[in-house]
1. Apply the Karplus parameterisation 6.51 cos²θ - 1.76 cosθ + 1.60, with θ equal to phi minus 60°, to every residue of region 93-102 and state each ³J(HN,Hα) to the nearest whole Hz, in sequence, with x for glycine and proline.
2. Give the share of C-alpha pairs in each 5 angstrom bin for region 17-131, from 0 to the last occupied bin, in whole percents, shortest bins first.
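Each value in this text was obtained by applying a stated rule to the coordinates, not by laboratory testing. Only a predicted model underlies this, so the values are computations on that prediction, with no experimental measurement involved.
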Amino acid sequence: MFPGLEEDLANGGVDVLTLTTLRSHDQYNTTIYGLDDRYRGVFGRRYVLFINQAELDRRGLQEGDVVDVATAMAHAHADRVVRGLMLVCYNLPDGCCASYYPETQPLIVLEHVDPDSLTPSYKSVPVLLRRAGPAGGEEIIISREGVAGGGPQSA
């Protein structure tokens, strides 16, 4: 086995997923040039959470549902939550999910770093999902149009 493959902290529960952050096709580092990600078939939006079908089924969720994502670490503050991410079914390993950076930066705990490089844990963040609740008393409405292979919308 390669050194370092087993160094991540245990997630601590069957409901906990490991979030990795990723960049879209139209992005360089934190500069976002557009809302399309032709690599993953998502167009016109970035507030999505990629997750596999088995994890959706396990949680009683389906593609297009809207969830809130919270950091699942004992030393994280309770306000480390990103609200209103739409679920997109994507081929990822069980126990994992992915979302765009910098949208999910609030989930990154500054103290959760690699011990050698001191790099923050953008690729291995323990998180919990819950169905999105009303935002300020208003219902969250997010259109599924243009998601999961729908292609860019023509003018």
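1. Working through the residues one at a time gives x, 4, x, 10, 8, 8, 8, 6, 10, x Hz.
2. Computed distribution, short to long bins: 2, 12, 23, 24, 20, 13, 6, 1.
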